[in-house]
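Below: the structure, in structure tokens.
The values are calculated or read from the model by the stated rules, or taken from the named source; none is laboratory data. Computed from a predicted model, the values in this text were never measured in an experiment. Because the Cβ atoms are built from the backbone with ideal geometry, glycine has one as well, and the counts that use them run over all protein chains shown. For accessibility, only protein heavy atoms count, side chains too; no ligands or nucleic acids. Shrake-Rupley method; radii C 1.70, N 1.55, O 1.52, S 1.80 Å.
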Amino acid sequence: MPSDLAIGIHDLSFRTTSLVLSHTELARRNGTDIAKYHKGIGQRAMSLPTADEDIVTMASAAAAPLVQRHGTDRVRTVVLATESSIDQSKAAGIYVHSLLGMPPNVRVVEVKQACYGATAALQFAAGLVHRDPQQQVLVIASDISRYDLGSPGEATQGAAAAAMLVSAEPALLELTGPSGLFTSDVMDFWRPNYRTTALVNGKESVAAYLEAVQGAWRDYHVRGGLPLEEFRAFCYHQPYTRLAFKAHRQLLETCGAQADEEALDHAVAATTGYNETVGNSYTASMYLALTALLDSPDDLTGRTLGLFSYGSGSVAEFFAGRVRAGYKAHLRGAAHQEAVGKRRAIGYEAYRELRERTLPTDGGWYELPHQTQGPYRLAALRDHQRIYEAA
Ligand code: CAA
């Protein structure tokens, strides 16, 4: 196997849900100064699922364009990362595999470590491709973020799935150099199996995230990573987009570099466009930041990007990627804009109604209303099973 083999992201696509609640509407009803949402946390709206949408329907919608463009002949592995899992045993990716009509000779697994899961999946995928460069791996990050009503976290909800095809000689981004890793046993954010909403110590979570930026970067540096000046831009995990700017300030200060507004904007501003209107999509969030950056008008050919992935609890990784020549021809910016732009805006009352609804757990037969605008839907529940269909 050639040691200079390039491995990385060959194709990248994201989808979100069909409904959207604006922060203006939320602020109007809970009495918050809208500047806190728009400037303080950098959020304008959040995606919300209809009754017939979940992590499987989003994941399938995100991955379908990759399967349409590349086929499935070379895909031997599907890894779906999520922290909003729908089953304690069966991997959600098996439903995706079925909806997308993939052949049986494929391994499918689910991975979890809060918002970091998709980065673990990407690294596992790179290892598999390294072992057999003919193979491709479909990595999907899919999450729905839910906090208690009226809690500080409520304004940082959201939902999305990002799908990546990982291959040798990738068209978009080559993964380069070492990874900087940082794990710390903290209770900043968690969700016990019996809860549908996350528990969070908000301020502690921000502090833990920023400490992880420092820890992961230092490890990256010690392991011979590139110096700060080599990077054109940085994609951070974005539970809310303002945190990406704070994170970059932390990184610049760790490096003893000037951390003024211009430097922060230059490195981070182009990564926030999708996340500020989709909200926190947990493990998909950093990949929506990367998508926004690649979809931006700048020509990033040959430039190095920094990626910082953080999952509460906590595990973090800093790694680098080099943008491939000709990448713009493979982007899906129009489809991403459409996915975000076609969501139906709902008011606060409808949002509260949605939040009060829960799926029955008695094993009966329930058909779900057809509400999604997406290509796949959760059609029914029967005998404790989820029944999906093409919409
Ligand atoms: N105008 C402008 N700015 C304003 C403002 C106004 N009127 N009012 C407040 N602000 C600013 C504040 O100064 C603050 O800015 P700084 O962070 O720079 O100090 C910002 O808006 C937020 O204000 P508060 O800290 O008062 O907000 P809060 O108490 O409501 O909590 C939060 C914010 C902690 C992020 C909360 O939304 C939360 O708990 N979210 C969920 C947890 C989270 O997202 N944690 C992030 C790290 S953990 C992680 O990354 C994993 C994950 O995905 C969850």
statement: Note on the chain: helices (DSSP H) long enough, at least 20 Å by alpha carbon along their axis, and hydrophobic enough, mean Kyte-Doolittle at least -1.0, are 55-70, 117-131, 202-222
- request: Only residues of region 92-118 count here: report those whose backbone N is under 15 Å from the spot 7 Å along Cα→Cβ of GLN68, or say none.
  value: 100-101
- prompt: Over region 7-390, what is the percentage of antiparallel beta bridges among all DSSP beta bridges, to the nearest 5?
  reply: 70
statement: Distance in Å, no decimals, from the C-alpha centre of region 1-68 to the one of region 245-283 is 18
- line: Summing +1 per Lys or Arg and -1 per Asp or Glu among the other residues with Cβ less than 14 Å from MET286's Cβ gives -3
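Given a 1.4 Å probe and heavy atoms of the protein chains only, how would you sort GLU276, GLU229, largest accessible area at the top? Show your work: numbers first, answer last.
Details: GLU276 60, GLU229 150 Å².
Largest accessible area first, the residues go GLU229, GLU276.
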field: Calculated FRET value between ASN30 and GLN134, using beta carbons and R₀ = 45 Å, to 0.05
entry: 0.25
task: Could you tell me which of the pairs LYS39/LYS328; LYS36/LYS203; LYS36/LYS342; LYS39/LYS246; LYS36/LYS246 are separated by over 22 angstrom between their Cα atoms in the structure shown?
output: LYS39/LYS328; LYS36/LYS342
statement: The summed charge of the LEU252 Cβ neighbourhood (under 13 Å; Lys/Arg +1, Asp/Glu -1) stands at -4
message: I'd like the accessible area for HIS384, computed on protein heavy atoms only with a 1.4 Å probe and all protein chains in place. Round to 10 Å², please.
response: 140
task: Provide THR277, THR77 ordered by accessible surface of protein heavy atoms (probe 1.4 Å), highest first.
output: THR277, THR77
- line: With all protein chains present, region 7-390 has a carbon and sulfur share of its accessible area (1.4 Å probe) in percent of 49
- line: What the 10 Å binned alpha carbon P(r) of region 7-390 shows, as percent of pairs per bin from 0, is 5, 25, 36, 25, 8, 1, 0
message: With every protein chain kept in place and ligands, DNA and RNA left out, what is the accessible area per residue of region 7-390? Probe 1.4 Å, answer in Å².
response: 41
- request: Taking all protein chains together and a probe of 1.4 Å, list VAL111, VAL268 from the most accessible to the least accessible.
  value: VAL111, VAL268
query: How much accessible area does PHE182 have with a 1.4 Å probe, in Å² rounded to the nearest 10?
result: 50
task: Let me know the charge dipole size of the chain about its Cα centre in debye, to the nearest 20, where only the beta-carbon of Lys, Arg (+1) and Asp, Glu (-1) is charged.
output: 420
